[in-house]
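The structure's right below; bear with me while I get my questions together.
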Amino acid sequence: MEPVPVRCRIPDLLNRIGKDQQWLADVSGKGKAQISDYCTLRKVMNLRTSVLLAHYLKCRIDDIYVWEFRQ
């Protein structure tokens, strides 16, 4: 079995703290297009980026994605 992200929760987490993707891009040093790619699952972030974004989103790393196990 392999874990596969099925949904990114960054938009929900940003909404919860009253911020937007541009703010997250600015504080994290990531590009807005890169944040958008994470939100739409065009890209899956690595662990280091997950830790960084979780810090700014005030959440746990495993709150960023909804995962599903597939064969």
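Got a sec? Which of 16, 42 is loosely packed, with under 13 Cβ neighbours inside 10 Å and either assigned to a helix (DSSP H, G or I) or of a type in the set (A, V, I, L, M) (or both)?
The match here is 16.
Pairs under 6 Å by beta carbon, first residue more than 18 Å from residue 60 (Cα to Cα) in segment 1-28, partner open to solvent by less than 30 Å² (accessible area, probe 1.4 Å) and not hydrophobic (A, V, I, L, M, F, W, C), six or more apart or different chains?
Going by the 6 Å Cβ cut-off, there are no qualifying pairs.
In the list 26, 62, which residue meets the criterion of being part of a helix (DSSP H, G or I), open to solvent by 70 Å² or more (accessible area, probe 1.4 Å) and modelled with pLDDT under 95?
Among 26, 62, only 62 is part of a helix (DSSP H, G or I), open to solvent by 70 Å² or more (accessible area, probe 1.4 Å) and modelled with pLDDT under 95.
The values are calculated or read from the model by the stated rules, or taken from the named source; none is laboratory data. The model shown is predicted, which means the values in this text are computed figures rather than measured ones. Because the Cβ atoms are built from the backbone with ideal geometry, glycine has one as well, and the counts that use them run over all protein chains shown. All accessible areas refer to the heavy atoms of the entire protein, side chains included, with ligands and DNA or RNA removed. Shrake-Rupley method; radii C 1.70, N 1.55, O 1.52, S 1.80 Å.
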